[in-house]
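The values are calculated or read from the model by the stated rules, or taken from the named source; none is laboratory data. All figures in this text were calculated on a predicted structure; none of them were measured in a lab. So basically every Cβ, Gly included, is an ideal-geometry build from the backbone, and we count neighbours across all protein chains shown.
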Amino acid sequence: MATANFSKKDFIRDRLDAYFSAPLGPRAERDRRARLERMQALAALPDASLAARGLTREAIPVHVFADLFDL
């Protein structure tokens, strides 16, 4: 019997895919837009500023969507 071996990265990617492909109402659309803007704002910061916040570039999606990942 084969077992699935999913990494944390796969889990996060799958959750983001589901989040962005779900049908939206006005409130969900505002939430989605706000999260994307937050990701863009963080991505625009230099690495030193991210580090001062305890973040890496790879951790930005997890930080912005932490409540959806239950992490």
Can you tell me how many residues in segment 46-71 are surrounded by 14 or more Cβ atoms within 10 Å (Cβ to Cβ) and either free of Cβ contacts under 8 Å to residues at least 24 places away in the same chain or not hydrophobic (A, V, I, L, M, F, W, C) (or both)? 6
Please return the ranges of helices (runs of 4 or more DSSP H) entirely within the chain where 3 or more residues are at pLDDT 95 or above and not polar (S, T, N, Q). 26-43, 47-52
